[in-house]
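Chemist: For reference, the structure I am asking about is given below.
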Amino acid sequence: MSAAGAADSALRRAIDIARSQKALLFELRASCDLAQLLGDVDRIGEAVALLAPVYATFAEGFGFPDLVEVRMLLDELGAPLATRDVPQAPPLGARQLNPPHANKIYG
């Protein structure tokens with residue numbers, strides 16, 4: 001088995017394990033690595049089909065480095081806008097850091 005074939009198998013196993021453990025971040029990381037590998041061998045459609053659904057499960061944290069990397073990879077792969085056009089989180093200054101209900105919860 002070639003090095004690329006071995007990497008493909010190992011990454012697919014990592015994705016399966018992450019899914020079984022409901023470890024979404026590890027699934028995202030392994031999917032990103034496998035999508036890069038697939039993209040390198042011109043299996044673009046398969047790469048997008050693998051990565052886009054995992055990325056779409058996130059509802060926040062789009063400034064997190066892993067999500068930024070995935071979004072850039074989807075852009076590079078030419079993914080349709082619907083699979084990568086997830087709203088970005090507002091800048092930190094635009095968020096209310098101390099919401100009114102915080103005093104009720106924390107004292």
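Chemist: Please work out which residue is nearest to ALA4 (Cα to Cα), limiting yourself to the stretch 14-62 and to residues that are in a loop (DSSP other than H, G, I, E, B) and under 13 Å from the mean Cα position of the chain (by Cα).
Modeler: So, considering only residues that are in a loop (DSSP other than H, G, I, E, B) and under 13 Å from the mean Cα position of the chain (by Cα), the one nearest to ALA4 (Cα to Cα) is ALA23.
Chemist: I'd like to verify a number: residues in the stretch 63-85 that are of a type outside the set (D, E, K, R), under 15 Å from CYS32 (Cβ atoms) and either assigned to a helix (DSSP H, G or I) or modelled with pLDDT under 90 (or both), how many?
Modeler: Of the residues in that region, 10 qualify.
Chemist: With the structure loaded, tell me whether ALA89 is modelled with pLDDT under 50 and outside any helix (DSSP H, G or I) or whether it fails that test.
Modeler: Judged against the criteria, ALA89 is a match.
The values are calculated or read from the model by the stated rules, or taken from the named source; none is laboratory data. A quick note: this is a predicted structure, and the numbers were derived from the prediction, not measured. Note: ideal-geometry Cβ built from the backbone for every residue, glycine included; neighbour counts use all protein chains shown.
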